[in-house]
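The values are calculated or read from the model by the stated rules, or taken from the named source; none is laboratory data. Please read all numbers here as calculations on a predicted model, not as lab measurements. With ideal geometry, Cβ positions are generated from the backbone for all residues, glycine too; neighbour counts draw on all protein chains shown.
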Amino acid sequence: MRQTACWCLSLLLICGPSLLASAQARPLPGPDVQQIYQRLLPLIEKIPIFDHHAHPGYSDDADIDAMAAPPGVYALRLRDTNPELITAAKALFGYPYDDLSPEHAKWLVQKKAELKKQRGPAYFSVILDQLNIEQGVANRALMADYLDPKRFVWVFFADSFMWPFDNQRETARNQDEQVYIPLQKKMLHTWMQQEGLSRLPADFAAYLTFVSRTLEDNQKKGAIAMKFEVAYFRSTKFSDPSREDAQDIYERFVVGGIPSTDEYRTFQDFIFRYLIREGGRLHLPVHIHSAVGPGDYFNLTGSNIMNLENILRDPRYSNVTFVMIHGGFPYDRQAIWLAAAKNVYLDSSETEFLLYPSEFKNVLKLWLETFPEKITFGTDAFPYNDVLGAEESYWLGVQSSRTSLAAALAEMISMGEVSEAQALQMARGYLHDNAVALYAGKVH
Ligand SMILES: [Zn+2]
């Protein structure tokens, strides 16, 4: 023991000075932090990005999400009063005005329409080029023919298999569910159509076969992962029911009738576990929405990322790659410790919109100081409306994350935690390498 410690110490003495100015971390950044930041930012801007989570598409495209956002209260930065969106429109489209008044906004809508015609299927690829995004996830109900498959890889939604019964009780819970649940039913019908089913099979084994075949066929169509947004519809605490219980509930209610809340939960808990097990078998990573969400009734307690600990730490799923979309926000401090498990990763998307860089920097800093190889970049770009499109949210996501990343790393360098070379390695990991390594050559 002592000998090893000695050896390590002498190694540190030999190599230390070249790595770090001082081998003892300090609690405050020095006066050089601003300079380091200015040096890092242009280097970070040159790193080609892999966007691990986004919803590219036009605002009138119904296939973007398997659900819709009900009217709710948006955080300050996500409101259309955010002046940064004007900067985004200037940077991407040469927007000539300094406000987004309705008559000026018309210019932007028109400009986008012209460019869509001009660029055709290259429209969104050009946006990626402008932001140095090499490739990005398109988390969509279905892929769009106007997205170039070389630049956009599909992640489909897997929740709908958990809602095959009469959903009257589920829908009646609140106004948000009145929007969400019928869309799950619609998604399920899309999969049934894809698999040539006019109605759901009467027996449970055949239902599970239908579920598996859908996953396999989506994978054949190019999907690289399945995504759950279940936190919008129910708690993410999943029990571990027996197959017999799930079968009994399925075979009773697939033909009609409304299951009790407990019965529906039991069935869903089994299906969720079945889906992630299939994710392991098919090497199809599992993305799970793990943060706050819009709407008036989104349940923060029910969607707390820690609810999933029993799943993420279950050795039966050790062959499943889990990506915790949105990094558990606002439980991002807890979330990074879930990523201690070798098959669990965090995606930072959406967090960079909900927070300003001054605070998002602190989230990234803590993550980088804990498990830097387990964190991945995403934008959560989404077409909010005609004026505030996926285009502007790509811009805001990329700019916010780059500046926050440069600031976090500058502090870490200045405080003697990492060398500049290590910091840039971490930046490349976060913006590109960590995520790309999860998909066995399918993305780059
Ligand atoms: Zn999203």
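Table: residues versus (1) within 24 Å of Ser348 (Cβ to Cβ); (2) without any contact (Cβ under 8 Å) to a residue 60 or more places away in the chain; (3) touching a helix residue (DSSP H, G or I) at 6+ places or on another chain (Cβ under 7 Å).
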residue: Ile64; (1), (2), (3): yes, no, no
residue: Leu78; (1), (2), (3): yes, no, yes
residue: Pro83; (1), (2), (3): yes, yes, no
residue: Lys90; (1), (2), (3): no, yes, no
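Could you tell me whether Asn434 is within 18 Å of the chain's Cα centre (by Cα), closer than 16 Å to Ile44 by Cβ and away from the ligand (no atom under 16 Å from the Cβ)?
Judged against the criteria, Asn434 is a match.
Please tell me if Gly327 is buried (at least 24 other Cβ atoms within 10 Å of the Cβ) and modelled with pLDDT under 95.
no
Would you point out the residue of the range 305-321, among those that are in contact with a strand residue (DSSP E or B) (Cβ under 8 Å, 6 or more places away or on another chain) and not in a helix (DSSP H, G or I), that is nearest to the ligand (Cβ to nearest atom)?
Checked the range 305-321; the qualifying residue nearest to the ligand (Cβ to nearest atom) is Thr321.
Is one or more of the residues making up the range 163-181 surrounded by 17 or more Cβ atoms within 10 Å (Cβ to Cβ), at pLDDT 95 or above and in a helix (DSSP H, G or I)?
no
Name the pairs whose Cβ atoms lie under 8 Å apart, with the first residue in the range 237-252 and touching a residue at least 24 places away in the same chain (Cβ under 8 Å), the second β-branched (Val, Ile, Thr) and assigned to a helix (DSSP H, G or I), and 6 or more positions between them or separate chains?
Phe238/Ile311; Ser239/Thr266; Pro241/Thr266; Asp245/Thr266; Ala246/Thr266; Ala246/Ile271
Find all pairs meeting these conditions: Cβ atoms under 6 angstrom apart; at least six residues apart or on different chains; first residue within the range 301-319 and at pLDDT 95 or above; second residue assigned to a loop (DSSP other than H, G, I, E, B) and of a type in the set (Lys, Arg).
Partner pairs satisfying both residue conditions: Asn307/Lys237.
Taking Leu366 as the residue in question, decide whether it is more than 30 Å from Gly222 (Cα to Cα), hydrophobic (A, V, I, L, M, F, W, C) and either under 17 Å from the mean Cα position of the chain (by Cα) or assigned to a helix (DSSP H, G or I) (or both). Break it down stepwise before answering.
On the way: more than 30 Å from Gly222 (Cα to Cα): yes; hydrophobic (A, V, I, L, M, F, W, C): yes; either under 17 Å from the mean Cα position of the chain (by Cα) or assigned to a helix (DSSP H, G or I) (or both): yes.
Judged against the criteria, Leu366 is a match.
Looking at Gln219 and the list (1) polar (S, T, N, Q); (2) crowded, with 17+ Cβ neighbours inside 10 Å; (3) without any contact (Cβ under 8 Å) to a residue 60 or more places away in the chain, which single condition is not satisfied?
Single failed check for Gln219: (3).
Rundown of residues vs (1) surrounded by fewer than 24 Cβ atoms within 10 Å (Cβ to Cβ); (2) within 16 Å of the ligand (Cβ to nearest atom); (3) of a type in the set (Asp, Glu); (4) assigned to a loop (DSSP other than H, G, I, E, B), yes/no style:
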residue	(1), (2), (3), (4)
Glu263	yes, no, yes, no
Arg273	yes, no, no, no
Val323	no, yes, no, no
Arg333	yes, no, no, no
Ala340	yes, no, no, yes
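Only one of these is away from the ligand (no atom under 14 Å from the Cβ) and more than 22 Å from Glu420 (Cβ to Cβ): Ser393, Ser358, Ser401. Name it.
After applying the criteria, what remains is Ser358.
Inspect all residues belonging to the range 37-53 and state whether any of them is surrounded by fewer than 16 Cβ atoms within 10 Å (Cβ to Cβ) and either within 16 Å of the ligand (Cβ to nearest atom) or modelled with pLDDT under 85 (or both).
No, the conditions are met nowhere in the range 37-53.
Please specify each residue of the range 275-298 satisfying the condition of being within 16 Å of the ligand (Cβ to nearest atom) and more than 19 Å from Arg316 (Cα to Cα).
Scanning the range 275-298 gives His289, Ser290, Ala291, Val292, Gly293, Pro294, Gly295, Phe298.
Looking at Arg199, Arg213, which one is assigned to a helix (DSSP H, G or I) and farther than 18 Å from Asp65 by Cα?
Working: Arg199 fails: assigned to a helix (DSSP H, G or I).
Exactly one residue qualifies, and that residue is Arg213.
May I ask you to say which residue of Leu409, Leu388 is within 26 Å of Val155 (Cα to Cα), crowded, with 23+ Cβ neighbours inside 10 Å and not hydroxyl-bearing (Ser, Thr, Tyr)?
Leu388
So in the range 400-422, with the set limited to residues that are in a helix (DSSP H, G or I) and either free of Cβ contacts under 8 Å to residues at least 24 places away in the same chain or farther than 19 Å from Ser358 by Cα (or both), which one is nearest to the chain's Cα centre (by Cα)?
Gln422
Please go through (1) within 16 Å of the ligand (Cβ to nearest atom); (2) assigned to a loop (DSSP other than H, G, I, E, B) for Leu346 and return the number of the only condition it doesn't satisfy.
Condition not satisfied by Leu346: (2).
Among the residues of the range 106-143, which ones are within 16 Å of the ligand (Cβ to nearest atom) and among the polar types (S, T, N, Q)?
Result: Asn139, single match.
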